[in-house]
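I have placed the structure first, in the form of structure tokens, so that the comments after it can refer back to it.
The values are calculated or read from the model by the stated rules, or taken from the named source; none is laboratory data. Please read these numbers as outputs of a predicted model, since none were measured by experiment. Cβ placement follows ideal geometry from the backbone for every residue including glycine, while neighbour counts extend to all protein chains displayed. Quick note on the areas: whole protein, heavy atoms, side chains included, nothing else; ligands and nucleic acids left out. Shrake-Rupley method; radii C 1.70, N 1.55, O 1.52, S 1.80 Å.
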Amino acid sequence: MSKYSGYMDKVAKFDLTTGKLEDYPWSDTDKEMYIGGKIMANKILYDNLTGKEEAYSEENMIVISTGPLTGTGVPASNRFNISAISPQTGIIASSNCGGNFGYYLKKAGYDALILTGRCAEHSWLEIYNDSFVLHNADREEVWGKRITDAQQQLRDVIERDNGCRMKCGIITIGPAGENLVRYAGVFSDERTAGRAGLGSVFGWKNLKAIVAYGNHHTPIHNEKKTIAWNKKWVKYLKEHPGTGGMMPKLGTAGLVTGMQTAGILATRNYAQGQFEDFEKVSGEALAEEYNIVNKGCLSCPIRCARTVKVDGKQVKGPELEILGLMGGGILNNDLGLINKWNNEMDELGMDTISASSTIAWAMEANEKGIFESGLEFGKTEGITELIEDIAFRRGIGNELAEGTRRLSEKYGGKEFAIHSKGLELAAYEPRRAVGQGLGYAVSNRGGCHLNAGYLVYLEGLGLHMDSQSTKGKAELIMYLQDMLEMISATGQCIFTSYALFPAALLDPSTSVSKITSSLLTKIGPIVAFLNKHPELLCFPLPVFHHDRGMKYAVGMKMNMGKYMRIGERGYNLERYIDTLFGITAKDDSLPARLTDVPQDPSDDSTRVPLEELKKKYYATRGWTEDGVPTESTLKKLGIRKG
């Protein structure tokens, strides 16, 4: 038995080919070093992969992992992670989701699920406590269905077979995953593990869905202190201008206006950083014209999700990314169309970021005469049908289903194929936020704004440090990456990190905000020292509630320094696995449009000086000049023995 609460103390390994179920060892030492979520998944993959496996192979393992805070009632703590080799990037990818599946996987009695092999026929997996049953997805008429219909069909089957209404968690893929669209996602309720194409890994393995339910309860170390701390934490989150103001009021869509002001709103396939019609696709417009009600994930007080009406039905509204990329990204100012396209992409089961960016690339490639598609900036006719064609790989949709990297390698246009390592960038145009540009390039899973460390929050969206300066950026990125890595590993939403910045810092009119922003480029050496010696952060901080969440709910001794070290271990472990698959410094790249072409032709600083920033980052991380964690770094973190 584990000495820690928060865990179900059981990991299941299930072979889709043979149906064999076995327990996978996960010790208290593993818990202490790798916690859960994506860090746990990386440890499992590290112990089982060699670097020679491919995404579409029986050897590719899918790891679905929860965090120890999942199911404890800690604020925003019901997230789960899916990791596997990505068909977009060819390296390890993790994708995080806020749906309810992680909660119900723990109700079934498991901290994580490891899937190997491949189903012999179209299938879905039912998990009820210790029972694992593969069902025929064609016989139950689940295969081929869109996300909402598939989830409802599965609920009907579970209730029919049990003879009563059953609460359960479901993850499923849509037609995009079934047809191996390289950026297909995996969906739980209205939320998605959207990035890096893990839905198509499910599709290749002939696995349509997993349904989990059971009668287990997540143990809590000190229930009285956990409840009291949760109340204090929720109060703090609700009073903070980010987590209690902007996010509940406007959701991530509320960032559009700030991005426009800062010149970082991707426009015309990242050729520009501002969109003249941004107000028509902003969070304010969405709230005033379309939003019906706010929603949130289980145990979340922030409630950042929007609800809109499309074709007479209430559906999940658009997030920032599709507003930016299918708004200014393709020069479209019709918010109603974006609502419709967002719902269509969700129902078909694909990543809105990669799909949107691929469409924008096709528009520019058509304009330049290297890939005739008929698509043009500012013209929206036929895009709804095109989205369906992508999901079913029909006509030109079959080409676009491959994503921007493969298209540019086939037809040309690499300089405006906006990706890193094969994963399309988010809607933050980095030439006026160069630290964010570095983050995109060195992100372990490719062009991800979150795995990048989200330094853009300090470069104009929250604080206002010098966005063009290279000073302090590498050190701050490492710090933020490690922190976000650990937050995700515990099962929490990284939006809780917004509240780590006191309210006074987020008001640009205050003197404390101005002074702090001006100092951020000067504190690189201090941050570097703390990155190297996080154990010095051994005291509680009023704005950092996460350590005591782990202490009270899990019973694991925790302070910010230990918290950061575990995040550092997780980030380095994932990077080291990627190097086994061939990743080197040359892969930490951005397209020439962002590194060689100034956004403002009269200001050469408005481009990402990537090579200079990379050298600083590698040194800060303790990596070689080729971007590989050194043996001493791996030993320091306990990844390597010795």
| request: Go through segment 1-43 and name the trypsin sites (Lys or Arg not before Pro) that are in a DSSP coil and have 12 or fewer other Cβ atoms within 10 Å of their Cβ. | output: 3, 20
| task | Would you give the gap between the C-alpha center of segment 210-262 and the C-alpha center of segment 73-149, rounded to a whole Å? | result | 24 Å
| field | Coil-residue trypsin sites (Lys or Arg not before Pro) of segment 389-461, DSSP, other Cβ within 10 Å capped at 14 | value | 394
| remark: Once the dipole of the chain is set up from charges on Cβ (+1 Lys and Arg, -1 Asp and Glu), the residue from the list 116, 90, 499 lying farthest towards its positive end is 499
| Extension gain residue 22-residue 388, at 0.36 nm per residue separation less the Cα-Cα distance, in nm? | 127.8 nm
| said: In Å and on Cα atoms, what radius of gyration and Dmax does segment 387-459 show? | reply: 14.1, 43
| said: What is the distance in Å between the Cα centroid of segment 588-642 and that of segment 376-391? | reply: 36 Å
| query | To one decimal place, what Kirkwood hydrodynamic radius in Å is obtained for segment 337-410 from all pairs of distinct Cα atoms? | reply | 12.2 Å
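Defining a contact as two alpha carbons under 8 Å apart and six or more residues distant in sequence, what relative contact order in percent does segment 204-285 show?
So the answer I get is 19 percent.
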| query | Near residue 71, within a Cβ-to-Cβ distance under 15 Å, what is the net charge of the other residues, with Lys and Arg +1 and Asp and Glu -1? | reply | +2
| note | Surrounding charge for residue 458, neighbours by C-beta under 11 angstrom, Lys/Arg +1, Asp/Glu -1, total -1
| note | In units of 2.2 N^0.38 Å, the Cα radius of gyration of segment 469-518 is 1.35
| Size of segment 52-157 along its principal axes in angstrom, Cα-based, largest extent first? | 40, 39, 27
| field | Evaluated over segment 79-218, the Cα radius of gyration and Dmax, each in Å | value | 13.9, 44
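Based on the Kirkwood radius over alpha-carbon pairs, what value in µm²/s does the Stokes-Einstein equation return for the translational diffusion coefficient of segment 565-642 at 37 °C and 0.692 mPa s?
Answer, rounded: 235 µm²/s.
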| query | Across all directions of projection, what mean area in square nanometres is found for the Cα convex hull of segment 537-577? | reply | 3.2 nm²
| Pair residue 311, residue 131: separation of 7 Å Cα→Cβ label points (nm) | 3.6 nm
| field | Centroid-to-centroid separation of segment 537-568 and segment 307-334 [C-alpha atoms, Å] | value | 38 Å
| task | Kindly provide the Kirkwood hydrodynamic radius of the chain in Å, to one decimal, from all pairs of distinct alpha carbon atoms. | result | 24.4 Å
| said: Let me spell out the model: positive unit charges on the Cβ of Lys and Arg, negative unit charges on the Cβ of Asp and Glu, origin at the Cα centre of segment 173-265. What dipole size does that give, in debye rounded to 20? | reply: 320 debye
| request: Within the set of other residues whose C-beta is less than 15 Å from the C-beta of residue 201, count the net charge using Lys and Arg as +1 and Asp and Glu as -1. | output: 0
| request: Could you work out the equivalent-ellipsoid semi-axes for segment 502-642, taking the square root of 5 times each eigenvalue of the Cα gyration tensor, largest first, in whole Å? | output: 30, 27, 13
| said: Give me log10 I(q)/I(0) at q = 0.28 Å⁻¹ for segment 61-111, Debye formula, one equal scatterer per alpha-carbon, no solvent. | reply: -1.01
| said: Using helices alone, I'd like the mean residue ellipticity at 222 nm for the chain: each DSSP H run of four-plus residues gives -39500 (n - 2.57), total over residue count, nearest 500. | reply: -11000 deg cm²/dmol
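For 149, 587, what's the largest-to-smallest order of accessible area, 1.4 Å probe?
149, 587
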| remark: Percent antiparallel among DSSP beta bridges confined to the chain, nearest 5, equals 80 percent
| In whole angstrom, how long is each semi-axis of the equivalent ellipsoid of segment 239-329, when you take the square root of 5 times every eigenvalue of its Cα gyration tensor and sort them from largest down? | 23, 16, 10
| query | Reachable lysines from residue 379, Cα under 27 Å, same-chain residues fewer than 8 places away excluded? | reply | 280, 309, 313, 316, 340, 368, 410, 414
| remark: In the structure shown, of 421/635; 3/562; 31/421; 522/635; 13/208, the pairs separated by more than 21 angstrom at the C-alpha atoms are 421/635; 31/421; 522/635
